[in-house]
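Enquirer: Quick one: the structure is below, and I'll ask about it shortly.
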Amino acid sequence: MASTASTGQPRGEGRGRSRARTAKAGPARPPAQPVEQRPRRYMVAVLPPQQLAAAGIAAQPLDMATLEKLLEGEPGVCVHRRVPASPRDSTTAARRMPFPDIIVAEMTYEQAGALRRQLPQLHLERDRLLTYSGADRPADRLSDPALVMPAGEEIDFTFLVQDTDGRPVPNAAVFVTGSGWPAHAVTGAEGRATVTLVGETPETIRSVVVRPQDGQWTARLERPALSVAHDNLVTLHSLSETFPGFPDQQTFGWGQQAMHLHRLPPTFRGGGVKVAIIDSGAAADHPDLRGELNDGVDLVDRRERGWTVDTVHRGSYSAGVITAADNGCGVVGIAVESLVHACKIFPNGRYSDLIEALDHCIEAEIDVVALGLGGSRPSPLVAAKIDQARHAGVACVVGAGDDGGPVAFPGNLPTVLTVAALGRTGTFPPDTSHAAEVFGPQTGEGYFSPRFTCHGSEVDVCAPGVAVLTVAPPDDYTVRDGTSLAAAHVTGLAALALAHHGDFRNGLGRQRGAARVDHLFQLIKSTCTPLDLGDPHRTGAGLPDALRLLGPALAGIPELPSEVLNLLDRLTAEMIQAGLLPSAPTPAPEAATAPVLAAMPPIAPGPGPAAPGQTAPGQTALAWLAEEMRIAGLLVEGPPDPLE
C-alpha cells in the first residue's frame, strides 16, 4: 500500500489523483527489465570427517579452498565472503566438534539442492535476514495485505504534527489504520505528512499513531474524526512535561527503579566487565555515550569506525540503558564503568553477520552480550556458534521477540537467557501507543505483560520493556518499547553481578567457561521477584532484583574458616529438607547444541569445571541464607544494611 510523505506543499499542489509526474531533464534511463526472483543467500560449510563417518556418509575429503573455487566457477553462483572459524575454537572445543569455516554465497534454490546431492559432505542452510526486536509498529497487526486490502478509490489524509509550543515536529512517523492494511508517512521539515489509503473513508479509520523520532511522547488517537479538507493537527507532548527538569536533571528510568538498581551504592558500576551489544552500532558522539563505548566492529560497511554511527538507532537505545554516562544530566546506565563493544550488523543483518559478531565477542573475551534480534527460522550454525561462545565464557542475553507469538530464534535456545518485556501502568501518559500494549491481568503495583512480547516456556525472566527512557541519536532522548530493551536491562544487571558478586571474584568463578555462564543465569533467575500475570510463560522466573542478587556483596560478609562453612552448608541443607527454605540455587546442567540438520548431529559438550560456588560452598550458602533471613525480617544482628 502506498504512503507518501509531504514536503510541506499546500494540499493538492503538485499532486494529481493519477499520480502523474513531470519528467525531469537528465540522462536517459536504461531500458526497463522484467522483474525476476532474487537468488537466495546460503551459508555453506564442509562437514568434518568424523561427522561424515558418524552419519555413514562415504565421501572424499573436501577443503575450503577447493570448495570456494568450485562455487566461484559455477554459473549463476555469487560468492560473497568467507567466514573463518574463530582461532579460539581449538582452546574451547575440548571434546566438542570444532566450528567450521563458512562460505556465504548466493544461488537459486535448485542450485543449492543440486550442490547438496552432488557433495554430501557439505552442510547448506539459508543465510536469512534477521529482524529487530523493537515494538515500533502500531498495535493493530495484520498478516497479509493481499487478504485485507479493499478495492476502491484512494483517499488522502494530511497531518500537521506540532509540539505544545506550536513548533513543527519533523521526521515523525504517522501510522493510519483503517479496515485494511495500515499505511504510514513521515513528516517533512514543516511537520506535515500525507498518508494515502485505498478503499477507506473517514468513518472506517480505526486509529492514528504518531511516533516522533525523539524528544516527545508518541500519540495514539482511537476512532479519530479525520478530515480530507484540511490538515489534521496532532500535538505531541514533551518528555520534560512528564520528567521535571529533564534532560538537564539526570533521571533514573522506571525500569531501573523496578529492579532496585537505583538503590545500589555508587561503587557498583560494573568496572572491568566486557559487554557487547550486537545490533546497529551506537552513536558514540551522543553526550551520554561519549567515552562510554570502548571498541566495536562494523559488519555492514566494513569500516574501521563504522560501529560509532547508528543510522537505525536501536543499538544506541540499548547502549543508553546499559552504559549511559553518569554525568548529572540525561539518563544514566546500569553498568557505567563496563567496557562496551558495539557490534554493528544492522541494517540488513543476516545469520552470517551474527556469527561473525559472536566471533568478535569470543576473540575479545566479552563477558555478556545483549542480543535484541531474532530470526524467522532456527539456524543450526548460529546455535552451534552461541554454544561455542558459551563454552568460551560469553553469556548471551536475548530478547524474546516482539510479534506477540512464540519465542523467536535464538531466544528459544537452552544456551541463552531469554527475556520477555514487562510494562507498568502510570509510567506513560494514557493517550500514547504504550497504553495500547496493556494486556491481561495486572499486579497491585501495575505491572503487566505487554501485548507485543513473545512468550513461551523458553522465557527465563521478564524485564522493563515498555516506555523505556533512553538516548536517541544524535543528541536527544526518546521513550521506546521492545524486548531488546528488556534484554539490555538484564545485560546491565549481569555485568554488575560479574563485577561485584562474590561467586565471580573468587576461585573457579573467575574462570571463563560454560559453568560460569550457567551459574550467572541461575543466580539471576533464582533472585527474581515472581509476578502473577496469569501466564508464567510471559514472565518466567519473574522480575530480576538487584538487591537480592547483590545482597551478599552489600552485606560485606567476610571469608570464614572451612569448618564453619561446612557447618553452614549442613544447616542450609537441613532447613531445605525440613521445608523451612526453598531449594538452594544450583548451576544449570550442560545443554546440548541443536542439531545441524540431519547431516550434522548435535555436538555433545564435554564435562565442564565445577560450579563457581563450589570453591567455598558454605560462603555462598551463608550469603544466600543471610539475605533470605533479612528479607523475612529474621536477621536482627550482624552488619547494618547501608541502604536502610
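Residues are listed down the side, and each one gets a yes or a no for (1) of a type in the set (A, V, I, L, M, F, W, C); (2) in contact with a strand residue (DSSP E or B) (Cβ under 8 Å, 6 or more places away or on another chain); (3) modelled with pLDDT of 65 or more:
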| position | (1), (2), (3) |
| --- | --- |
| PRO10 | no, no, no |
| ALA20 | yes, no, no |
| PRO34 | no, no, yes |
| LEU52 | yes, no, yes |
| GLU72 | no, yes, yes |
| CYS78 | yes, yes, yes |
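Enquirer: Test THR242 against the stated conditions and say whether it is of a type outside the set (Gly, Ala, Ser) and surrounded by 18 or more Cβ atoms within 10 Å (Cβ to Cβ).
Expert: Values: of a type outside the set (Gly, Ala, Ser): yes; surrounded by 18 or more Cβ atoms within 10 Å (Cβ to Cβ): no.
So THR242 does not fit the description; no.
Enquirer: If we keep just the residues of region 284-295 that are open to solvent by 10 Å² or more (accessible area, probe 1.4 Å) and touching a helix residue (DSSP H, G or I) at 6+ places or on another chain (Cβ under 9 Å), which is farthest from ALA472 (Cα to Cα)?
Expert: In this case the residue turns out to be ASP295.
Enquirer: Which members of region 482-508 meet the condition of being open to solvent by less than 10 Å² (accessible area, probe 1.4 Å) and closer than 14 Å to GLY372 by Cα?
Expert: Pass one, region 482-508, residues open to solvent by less than 10 Å² (accessible area, probe 1.4 Å): 482-483, 485-497.
Residues satisfying the conditions are GLY482, THR483, LEU485, ALA486, ALA487, ALA488, HIS489, VAL490, THR491, GLY492.
Enquirer: While we're looking at this one, here's another question. If a residue has to be open to solvent by less than 30 Å² (accessible area, probe 1.4 Å), of a type in the set (A, V, I, L, M) and more than 20 Å from the chain's Cα centre (by Cα) to count, how many in region 436-460 make the cut?
Expert: Of the residues in region 436-460, 1 are open to solvent by less than 30 Å² (accessible area, probe 1.4 Å), of a type in the set (A, V, I, L, M) and more than 20 Å from the chain's Cα centre (by Cα).
Enquirer: State all residues of region 55-77 that are in contact with a helix residue (DSSP H, G or I) (Cβ under 8 Å, 6 or more places away or on another chain) and on the phi > 0 side of the Ramachandran plot; if no residue qualifies, say none.
Expert: Listed by number, the list holds a single entry, GLY76.
Enquirer: From the list VAL312, VAL340, which one is in contact (Cβ under 8 Å) with a residue 60 or more places away in the chain and surrounded by fewer than 24 Cβ atoms within 10 Å (Cβ to Cβ)? Full working, then the answer.
Expert: Details: VAL340 fails: surrounded by fewer than 24 Cβ atoms within 10 Å (Cβ to Cβ).
Just a single option satisfies the conditions, and that option is VAL312.
Enquirer: Now for a different question. What are the residue pairs meeting all of these: first residue in region 95-110, first residue closer than 15 Å to LEU71 by Cα and outside any strand (DSSP E or B), second residue of a type in the set (Val, Ile, Thr) and at pLDDT 95 or above, Cβ atoms under 8 Å, and 6 or more apart or on different chains?
Expert: Going by the 8 Å Cβ cut-off, the qualifying pairs are ASP101/VAL83.
Enquirer: Let me ask something additional. Check GLY426, GLY405, GLY401 and return the single one that is touching a helix residue (DSSP H, G or I) at 6+ places or on another chain (Cβ under 7 Å) and under 23 Å from PRO530 (Cα atoms). Steps first, please.
Expert: On the way: GLY426 fails: touching a helix residue (DSSP H, G or I) at 6+ places or on another chain (Cβ under 7 Å); GLY405 fails: touching a helix residue (DSSP H, G or I) at 6+ places or on another chain (Cβ under 7 Å).
GLY401 is the lone residue from the list that is touching a helix residue (DSSP H, G or I) at 6+ places or on another chain (Cβ under 7 Å) and under 23 Å from PRO530 (Cα atoms).
Enquirer: Name the pairs: first residue in region 39-64 and of a type in the set (Gly, Ala, Ser), second residue in a strand (DSSP E or B), Cβ to Cβ under 6 Å, at least 6 apart or on different chains?
Expert: ALA45/ILE102; ALA45/HIS123
Enquirer: Can you tell me how many residues in region 355-403 are buried (at least 24 other Cβ atoms within 10 Å of the Cβ) and assigned to a strand (DSSP E or B)?
Expert: Number satisfying all stated conditions: 11.
The values are calculated or read from the model by the stated rules, or taken from the named source; none is laboratory data. What you see is a predicted model; the values in this text were computed from it and never measured. In this analysis, Cβ positions are derived from the backbone assuming ideal geometry, glycine residues included, and neighbour counts consider all displayed protein chains. Heads up: the accessible areas ignore ligands, DNA and RNA and are worked out on the full protein's heavy atoms, side chains in. Shrake-Rupley method; radii C 1.70, N 1.55, O 1.52, S 1.80 Å.
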